[in-house]
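Novice: One structure follows; several queries about it will come next.
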Amino acid sequence: MNRALDSTLEGSAGPAAARMEAGEPTVEDVLPGEAAVAEAARRSLDGRARGPARVWPFLGPAFIAAVAYIDPGNFATNIAGGAQFGYLLLWVVLGANLIAMVVQTQSAKLGIATGRNLSELCRENFPRPASIGMWVQAEIVAMSCDVAEVVGAALGLNLLFGIPLFPAALMAGAGAFAILALQQMGLRRLEAGIAVLAGVVLVSFGLEIVYSHPAPSQVAGHLFSPAFSSTESVLLATGIIGATVMPHVIYLHSALTQRRVVGRNDDERRRILGFERMDVVIAMTLAGVVNLSMMVMAAALFSGGALAGIDSIEGAFRGLQQSVSGHAATIFGIALVASGFASSSVGTMAGQVVMQGFIRRRIPIFVRRALTLAPALIVIAVGVAPTDALVISQVVLSFGIPFALVPLVLLARRKDVMGSLANPRWLSVLAGSLAALIIALNVFLLQQVFLG
């Protein structure tokens, strides 16, 4: 791991923290690329930059976090929703994306205001047994996410090139290693690499929309008109919203902003937060467009007619071959591979943040990548169907949501932690209500999975 991200992950120890507490910017011990970003950010804060150059240095953290919202698990959920219920649940995807904006902004704000990430603050503010328990479940959640991401990328390689799933999973792991190696050239390079992969997914589904010829009136009508058609549609909507919040990227986003640009006073920290809100809105809007495009494509092609009943990633690939063209199916497969590679890298970074924050231990990131790859390889080796593996991983993910979301809401409202950036009462009520909604939906979803 490069020195820039190592510094971010080193927590409260060392001279960087002392400079943070003194209100001084942390620009030492970084690669030239990061120093240049810090200098550009300083020009913006000092009013010496105008136009896009004023915002550019602050863009990046939310784009890394947004990758988790377009991972292979989202492919499966959105395709199932569009194939089974047409355009009916588009409003659910829109609502889920708005919730994601609120949650990720809160996470980014935590890092900006405190110079700590969520896992570090949990260690400092909660009893040690609770902190250890939260670390264990966070590690399980990170591994579960990695299963979905590696399996998704392997499935994409299998569909595109006919490579058996186990060798394809090894290739997916190697791809994630290559992306993480960009850190050696600077965190900005890593951000750019992940953004390029996310861009591939965005462009791919833009093309799929062109190929699928959706009904604009239906899209517009259902995007803003809440409705259900059956108990099953309620259950699927619950799954879409419940899986929106990714616990591991709540931890990661706070780490990415904690020392990226350090405000020297409350006014500068507020301005940094304003720029980060732009970052979140842009990144999450693009992620939302991708998710809506997935569902719109499935609704246009697989809801009703000869291809009705397609509700899996493999089925969507073959359905595109039959109903559109081989080129459309290839584009879909490329998007799936890009999504798996990018989200797997992000998951590994999040796992590193979780370990260091909760227990003050860190292992080389490539060792960690190998360890988190193992469960995905085991799942494939024992013959679990890819779609089943994706579903199971999302169920495990649901268990981890309260352990990230509740501490985030509790800490963000405390003035002794957040200072002047502590949430006002109305925002605490909004964030708490959204957290309660997501947790309730996940409880309902888990009850249906295990008892329904």
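Novice: Rg and Dmax in Å for region 240-366, alpha carbons only: what are they?
Specialist: 19.8, 63
Novice: Taking Cα pairs under 8 Å and at least six residues apart, what relative contact order does region 285-380 come out at, in percent? Each step should come with its number before you reach the end.
Specialist: Working: 36 pairs, mean separation 12.0, N = 96.
Normalised by residue count, the contact order of region 285-380 is 13 percent.
Novice: Using +1 on the beta carbon of Lys and Arg, -1 on that of Asp and Glu, and nothing else charged, what's the dipole of the chain about the Cα centre, debye to 20? Could you put the intermediate results ahead of the total?
Specialist: Working: 30 positive and 27 negative charges, 220 e Å.
It works out to roughly 1060 debye.
Novice: Next question, about the same structure. If contacts are Cα pairs under 8 angstrom and at least 6 residues apart, what is the relative contact order of the chain in percent? Working shown, then result.
Specialist: Values: 743 pairs, mean separation 154.8, N = 452.
Relative contact order here is 34 percent.
Novice: Still on this model: What ranking do Arg414, Arg369 get, fewest neighbouring Cβ atoms within 10 angstrom at the top? Present the calculation step by step, with values, prior to reporting the outcome.
Specialist: On the way: Arg414 14, Arg369 23.
So the residues, fewest neighbours to most, are Arg414, Arg369.
Novice: When the scattering of region 195-298 is computed by the Debye formula from its Cα atoms alone, each counted once and equally, what is log10 I(q)/I(0) at q = 0.15, 0.16 Å⁻¹?
Specialist: Log10 of I(q)/I(0), two decimals: -0.87, -0.94.
Novice: In addition: I'd like the distance between the alpha-carbon centres of region 124-160 and region 213-284, rounded to an integer number of Å.
Specialist: Region 124-160 and region 213-284 have Cα centres separated by 20 Å.
Novice: While we're on this one: Output the Cα-based Rg and Dmax of region 132-275 in Å, rounding Rg to one decimal and Dmax to a whole number.
Specialist: In Å, with Rg to one decimal and Dmax whole: 20.1, 56.
Novice: Using only Cα positions of region 356-402, each an equal point scatterer, no hydration layer, compute I(q)/I(0) via Debye at q = 0.21, 0.31, 0.32, 0.33 Å⁻¹ and quote the log10 values to two decimals.
Specialist: -0.90, -1.02, -1.04, -1.06
Novice: Take each uninterrupted DSSP H stretch in the chain, measure its Cα extent along the helix axis, and return the ones at 18 Å or beyond whose mean Kyte-Doolittle hydropathy is at least -0.5. Each step should come with its number before you reach the end.
Specialist: Details: long enough: 32-45 (20 Å, -0.13); 72-85 (20 Å, 0.11); 90-114 (37 Å, 1.27); 128-161 (49 Å, 1.11); 165-181 (24 Å, 1.98); 187-212 (38 Å, 1.43); 266-302 (52 Å, 0.76); 326-359 (49 Å, 1.17); 365-381 (24 Å, 1.88); 386-412 (38 Å, 1.83); 425-451 (38 Å, 1.74).
TM-like helix candidates: 32-45, 72-85, 90-114, 128-161, 165-181, 187-212, 266-302, 326-359, 365-381, 386-412, 425-451.
Novice: Mind pulling up the Rg/Rh value for region 3-451? Radius of gyration and Kirkwood radius, both on Cα. Provide the component values of the computation, followed by the final result.
Specialist: On the way: Rg = 21.1 Å, Rh = 22.0 Å.
Using only Cα positions, Rg/Rh for region 3-451 is 0.96.
Novice: Then there's this: Return the whole-Å distance between the Cα centroid of region 180-195 and the Cα centroid of region 387-447.
Specialist: Region 180-195 and region 387-447 have Cα centres spaced 29 Å from each other.
Novice: Taking other Cβ within 10 Å of each residue's Cβ, how do Ile313, Ile331 sort, fewest first? Walk me through the numbers before you get to the answer.
Specialist: Numbers: Ile313 24, Ile331 21.
By the 10 Å Cβ count, ascending: Ile331, Ile313.
Novice: Right, something else. Rank these for me by crowding, Val201, Val219, going from fewest to most other beta carbons within 10 Å. Mind showing how you got there, number by number?
Specialist: Details: Val201 27, Val219 17.
Listed from fewest to most nearby Cβ atoms, that is Val219, Val201.
Coordinate-derived values only; no laboratory data. Note that the structure is a prediction, hence the values are computed from the model and not measured. Backbone-built Cβ (ideal geometry, glycine too); neighbour counts: all protein chains shown.
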